[in-house]
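*Asks:* Just dropping this structure here.
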Amino acid sequence: MPISGSSPRVCRSTVFRPVASRLSGLPCGSSRTRRYLEKAFATTLIATAFIAGPAHAQSSVTLYGVIDASLLYTNNAQDHASLQASSGAVTGSHWGLQGREDLGAGNQAIFQIEDGFSVMNGSLRQGGREFGYQSYVGLSNNRFGTVTLGRQYDSVVDYLAPLSFTGRRPGGNNLSVHPYDNDNLNNSFRVDNAVKFASAPYAGLKFGTLYGFSNEAGGFDDNRLYSFGASYDAGPLSLAAGYLQANNPGVSNTDGAITLTDRTFLTALQRTYGAGVNYSIGAGKLGFVWTRTQLGGLAVINGANSLGLKQNGQGASFDNFEVNASYLLTPSVAVNGAYTYTDAALSTASGEHHPKWHEVSVQTDYLLSKRTDAYVQASYQHIASDGSGLTADISGQSPSSKNEQVVVAVGLRHRF
């Protein structure tokens with residue numbers, strides 16, 4: 001209570017001006033004044049926490065994806081012509097979430113999960129996995145690079161594939177795959193149980209390595225995979241190289257862990273390596289990519305046994321020589337294409353064979369907007385099977401009954 005005959009002190013807070021204006025004329029010692037000040041102080045603390053929190057550790061999550069739907073004609077699919085509605089004829093339909101959290105001092109926590117699906121029936125791809133494309137978490141530093149753990153792409157895919165027409169981002173090109181995707185430039189398989197390092201760019205140079213664990217007790221190298229690669233960009237010039245080695249790809253160990261779960265080959269040993277170059281000239285780009293895949297103790301080539309090829313487990317090799325080009329006719333119209341010659345050697349029960357493939361793909365792409373495009377692509381494959389029993393087999397289609405196959409796709413893609 002104020003002293004008799006004196007005027008009460010009036011609250012004139014400079015910190016809580018909005019509250020003080022409501023308390024004008026109230027004695028500072030009153031219980032009503034204290035309650036107002038306590039509420040104002042608590043509100044200020046909460047607001048400060050919400051404002052200061054994101055400034056210390058900002059984070060973001062991005063939803064993205066590609067939906068590719070087309071009408072696809074094949075001149076010979078198991079001895080019959082076919083016309084079908086197709087999902088992912090050129091680019092596999094998929095969606096994903098990518099997130100990062102700023103940890104300060106140039107460090108970030110990151111994650112990425114991706115799911116492949118069929119837009120025609122909604123089914124999952126990659127053997128029914130919910131996140132069959134990639135699923136990993138890791139740490140990134142602006143100066144040194146990124147370390148991630150999970151299901152991921154190998155270094156051949158990361159560094160060399162972008163210079164190839166079959167692996168060019170985003171999403172590759174499923175109708176221009178080298179035979180059986182023997183070099184994995186089209187991302188046919190991913191690596192489970194993997195730890196990856198990818199460097200930050202140094203004056204145009206990037207490099208990285210990956211190791212896939214077998215996860216088998218007492219069998220450290222039974223199903224392991226490792227790879228490394230590098231790329232260099234200098235103005236119009238791009239160079240890249242990569243190497244991959246997988247032990248027993250496609251074979252499950254006793255613990256059920258396998259390094260290559262989107263099986264291309266069932267073999268005791270796979271080595272894939274290669275190099276490539278791209279050069280931009282105005283609105284055009286020219287490229288060349290060479291890869292070699294060696295298989296030891298081969299049991300199954302993707303779909304080959306169903307074509308009548310009987311393997312004797314000795315091995316095989318594939319040498320792929322690809323020339324690719326792209327040209328931007330207008331800001332909205334692009335023409336792309338590639339020719340690949342593949343020379344293989346197969347050891348089978350009937351002897352040594354040297355099948356040779358010729359593949360040509362031509363594509364016209366029209367941008368309806370920044371995120372939506374329409375395309376027409378034609379692909380042709382011819383094989384001189386040399387008695388091996390192999391027939392033409394463009395990726396994703398039923399094999400031809402002859403040594404030639406033609407596929408034409410007219411489609412629509414939307415990226416989000």
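The values are calculated or read from the model by the stated rules, or taken from the named source; none is laboratory data. This is a predicted model, so every value here is computed, not measured. All Cβ positions, even for glycine, are placed from backbone atoms using ideal geometry, and neighbour counts span all protein chains on display.
*Asks:* For the stretch 384-394, which residues satisfy the criterion of being surrounded by fewer than 16 Cβ atoms within 10 Å (Cβ to Cβ) and touching a Gly at 6+ places or on another chain (Cβ under 9 Å)?
*Replies:* Across the stretch 384-394, the qualifying residue is only Gly387.
*Asks:* Can you work out which of the residues in the stretch 263-284 that are in a strand (DSSP E or B) and at pLDDT below 90 is nearest to Leu329 (Cα to Cα)?
*Replies:* Only one residue fits best here, namely Phe265.
*Asks:* If we scan the stretch 362-374, do we find a residue that is surrounded by 15 or more Cβ atoms within 10 Å (Cβ to Cβ), touching a Phe, Trp or Tyr at 6+ places or on another chain (Cβ under 7 Å) and of a type in the set (A, V, I, L, M, F, W, C)?
*Replies:* No, there is no match, as no residue in the stretch 362-374 is surrounded by 15 or more Cβ atoms within 10 Å (Cβ to Cβ), touching a Phe, Trp or Tyr at 6+ places or on another chain (Cβ under 7 Å) and of a type in the set (A, V, I, L, M, F, W, C).
*Asks:* Shifting gears a bit: Would the stretch 144-157 turn up any residue that is assigned by TED's automatic domain parsing to the domain that holds Gly284, under 23 Å from Ser317 (Cβ atoms), modelled with pLDDT under 95 and of a type in the set (Gly, Ala, Ser)?
*Replies:* no
*Asks:* Leu244: touching a strand residue (DSSP E or B) at 6+ places or on another chain (Cβ under 7 Å), crowded, with 23+ Cβ neighbours inside 10 Å, in a strand (DSSP E or B) and at pLDDT 90 or above, yes or no?
*Replies:* The answer is yes for Leu244.
*Asks:* Those residues that are out of contact with any Lys or Arg (no Cβ under 6 Å at 6 or more places or on another chain), hydrophobic (A, V, I, L, M, F, W, C) and part of a strand (DSSP E or B), I need them from the stretch 179-237; list them, please.
*Replies:* Hits for the stretch 179-237 are Val191, Ala194, Val195, Phe197, Ala198, Leu205, Phe207, Leu225, Phe228, Ala230, Ala234, Leu237.
*Asks:* In the set Gln397, Gln377, Gln381, which member is crowded, with 23+ Cβ neighbours inside 10 Å and at pLDDT below 95?
*Replies:* On the way: Gln377 fails: at pLDDT below 95; Gln381 fails: at pLDDT below 95.
Going through Gln397, Gln377, Gln381 in turn, just one is crowded, with 23+ Cβ neighbours inside 10 Å and at pLDDT below 95: Gln397.
*Asks:* I've got another one for you. Which residue pairs have Cβ atoms under 6 Å apart, sit 6 or more places apart or on different chains, and have a first residue in the stretch 263-282 that is free of Cβ contacts under 8 Å to residues at least 60 places away in the same chain and a second that is of a type in the set (Gly, Ala, Ser)?
*Replies:* Leu266/Gly250; Leu266/Ala299; Thr267/Gly297; Ala268/Gly296; Ala268/Gly297; Leu269/Gly296; Gln270/Ala246
*Asks:* If I go through the stretch 92-147 residue by residue, how many of them are under 18 Å from Ala194 (Cβ atoms) and of a type in the set (Ser, Thr, Tyr)?
*Replies:* Total meeting the criteria: 5.
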